[in-house]
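The structure's right below; bear with me while I get my questions together.
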Amino acid sequence: MPALALAALLALGAAPTAAPAGFQALEPGLELGQFDGPPGVAGDGKIVVVRIDPARFELRLLNASAPSHGGLLTARAWAERAGASAAINASMYQEDFRTSVSLMRTREHVNQRRVSRDRTVLAFDPLERGLPAVRMIDRDCEDLDGALRGYGAAVQSIRMVSCQRKNVWAPSARRTSAAAVGVDGKGRVLFIHARSAWPVHELVNALLALPLDLRQAMYVEGGPEAQLFVRGGGRELERVGAFEAAPAADNRDAWPVPNVIAAVRRR
C-alpha cells in the first residue's frame, strides 16, 4: 500500500480523539503524530511518530529466523500475524536476509548473539518486577551486561540521541529515508518514520526540536526497507521508505523484512 498522509488515514474512520502536543489518539495508549521536517527536501517532508504507552502495550521482537515464523514479511503483515497495533523495523540485517548485524534476542530465540560496536540497545520484556517495561541502554552511560540481566529481549542498533539528549550522529551529506525507535521522558516508546531523505544528523536535530520530549533514540533502518505500520480505532497507516536517488516518487511498496519490533495491546 502507498505511504499515506494523515489526511488519508483519517478518511478511513471517524476523527480521532485529540491528544496533547501534536498527537491524535487512535486508541488509549496509542497516538499518532505527523510533523513537518526540515524544509527544502523532496517528498512529503513529514516525520511520522507513533507514541506507545508501555503500560497498555507490550513490545515484541518478531524474527523470520525464529522457529515456525517462516519467511520475510512487511511490517503490516508482521503486525497482522501477531495481532499487533504497530510495527517497525528491528535494526539492519545481513546478506542472509535473516540475521541482524548486532545483538538481537528474546527469551525463546537468539537471532544474533554478537554485541557490535553500536552504542545503543533497546531492552524490553522485563524479567523482574519493578523494572521499566522498556528502556534504552546507552553503553557510554551504563554497563550493558548488568543492565540486560533484567530483560528477556534486546535489540542493538546505531545511536542517534545519547543518554545526555545529544545528537551523536556525525554530519554527512548522505541522505536517506529512515526508521527509528526512541523513548520520551515518560518512558513511552516512539516509532519514528521519515520517508523524505534528509541527512540523518539533520533529522535528529529536527526530532529533538519537536514536541516529543525525546530522551534517547536509535536508528533501525534506512532506504526503501524502512517502514512503519500502525492501526487503531478503525484506522491504519503504512509508511514506506524511498531510494536515495529518487526520494519523491520511486518506491511505493513495503519491502518484506526479517525482523520487526511490534506493539501488542496488553490484556
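The values are calculated or read from the model by the stated rules, or taken from the named source; none is laboratory data. Because the structure is predicted, anything quoted here is derived from the model rather than measured. Please note: Cβ atoms are built from the backbone with ideal geometry, for glycine as well, and neighbour counts cover all protein chains shown. Each accessible area value is taken on the protein alone, full model and side chains, heavy atoms only, with ligands, DNA and RNA left out. Shrake-Rupley method; radii C 1.70, N 1.55, O 1.52, S 1.80 Å.
Starting from the range 216-243, keep only residues that are under 12 Å from ARG76 (Cα atoms) and modelled with pLDDT of 95 or more, then list their pairs with residues that are surrounded by fewer than 24 Cβ atoms within 10 Å (Cβ to Cβ) and among the charged types (D, E, K, R) whose Cβ atoms are within a distance under 7 Å, requiring at least 6 positions of separation or different chains.
Short answer, once both residue conditions are applied: PHE229/ARG76; PHE229/GLU238; VAL230/GLU236; GLU238/ARG76; VAL240/ARG252; VAL240/ASP253.
What number of residues in the range 115-150 are farther than 30 Å from LEU203 by Cα and open to solvent by less than 50 Å² (accessible area, probe 1.4 Å)?
Adding up the residues that qualify gives 3.
How many of the residues making up the range 211-267 are open to solvent by 50 Å² or more (accessible area, probe 1.4 Å), basic (Lys, Arg) and assigned to a strand (DSSP E or B)?
Number of matching residues: 3.
Still on this structure: Looking only at the range 130-161, count how many residues are of a type outside the set (Gly, Ala, Ser) and either at pLDDT below 95 or within 20 Å of ALA64 (Cα to Cα) (or both).
Number satisfying all stated conditions: 2.
Look at ALA206 and say whether it is in a strand (DSSP E or B), open to solvent by less than 50 Å² (accessible area, probe 1.4 Å), touching a residue at least 60 places away in the same chain (Cβ under 8 Å) and in contact with a strand residue (DSSP E or B) (Cβ under 8 Å, 6 or more places away or on another chain).
Judged against the criteria, ALA206 is not a match.
Tally up the residues in the range 62-79 that are part of a strand (DSSP E or B) and open to solvent by less than 20 Å² (accessible area, probe 1.4 Å), please.
Of the residues in that region, 2 qualify.
Something else: Output the residues belonging to the range 145-201 that are over 18 Å from VAL134 (Cα atoms) and either under 13 Å from the mean Cα position of the chain (by Cα) or in a strand (DSSP E or B) (or both).
Hits for the range 145-201 are ASN167, THR176, SER177, ALA178, ALA179, HIS193, ALA194, ARG195, SER196, ALA197, TRP198.
Any chance you could count how many residues in the range 1-45 are at pLDDT below 95, exposed (fewer than 14 other Cβ atoms within 10 Å of the Cβ) and within 17 Å of LEU214 (Cα to Cα)?
2
Look at the range 80-114 and say how many of its residues are of a type in the set (A, V, I, L, M, F, W, C), open to solvent by less than 20 Å² (accessible area, probe 1.4 Å) and outside any strand (DSSP E or B).
Result for the range 80-114: 3.
Another question about this same structure. Which pairs turn up if I take residues in the range 106-132 that are within 10 Å of ALA153 (Cα to Cα) and look for partners that are open to solvent by 90 Å² or more (accessible area, probe 1.4 Å) and not basic (Lys, Arg) with beta carbon separation below 9 Å, at least 6 apart in sequence or on another chain?
Close Cβ pairs satisfying both conditions: GLU108/PRO67; HIS109/PRO67.
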